[in-house]
Amino acid sequence: MSLQQALEPLYRSYLRRLDEMAARVPAGQLLVEATTRDAHGVLLLGEDGLPLRFDVADARSGETFEVRGARPDAPALSEMLVGRLSVRLEPGNWEALPIVCAFDGEPLADDAAAIAGLVRGWAYLAAYGGFAESAPSRGTPGAERFRGRLHSVAIEMVDNELRVVLDLGSCPPLGLQVLCSALAAFGEDRAPLAHATIGGRAPEKER
């Protein structure tokens, strides 16, 4: 089983919740994963520099809705290897999915910056639909096709761990397969990684 197959249950559960949320808005007024612009038509960006997207919006009122799972969804496996990288899989939600990459020892500052740059570059690719071709055509009545876009990324370095929280939106599991393959290569070529963990409870956002 591949990593993308192991993560498929989390992805499908998110799409089901997105379907349910979209069904609350009349088809003719439904916007799914649309970008947001100001009164002058300028694209609005989130704190991470990515286009600001909402799961669902009502074109009439401008009201937006964000999908949030009530409980974590379980992956199909709990542990696997991607290349030489040990990847641990825990229950989580696709729309608020933590990833922790643990270095094997204290990383050099350059290595910490490099792995953060790798994840940030991957997130930009995913946000602009780099993995969208493997996303399903869902067909919510009256809705545009779900666009295979990542919505946001938060990255911080804590001790010997890179901690990431992703709102993957409808970016398909192939995206994380590619990311973990890149992390495995990083661990071989630049600085060794002890393991990566995908899933768990995302930290609460500060209000």
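The values are calculated or read from the model by the stated rules, or taken from the named source; none is laboratory data. All figures in this text were calculated on a predicted structure; none of them were measured in a lab. Neighbour counts run over all protein chains shown; Cβ positions are idealised from the backbone, glycine included.
Before moving on, here are some points about what is shown:
- Unique residue being at pLDDT 95 or above and under 19 Å from LEU168 (Cα atoms) when the list is LEU118, LEU85, LEU44: LEU118
- TYR11 satisfies every condition listed in (1) in contact with a Cys (Cβ under 8 Å, 6 or more places away or on another chain); (2) closer than 17 Å to SER152 by Cβ; (3) not polar (S, T, N, Q) except (1).
- When ASP58 is tested against the conditions (1) surrounded by fewer than 19 Cβ atoms within 10 Å (Cβ to Cβ); (2) closer than 22 Å to ALA127 by Cβ; (3) within 24 Å of the chain's Cα centre (by Cα), the lone failure is (2).
- Remark: ALA123 matches the filter, which requires a residue to be hydrophobic (A, V, I, L, M, F, W, C) and either surrounded by fewer than 18 Cβ atoms within 10 Å (Cβ to Cβ) or at pLDDT 95 or above (or both).
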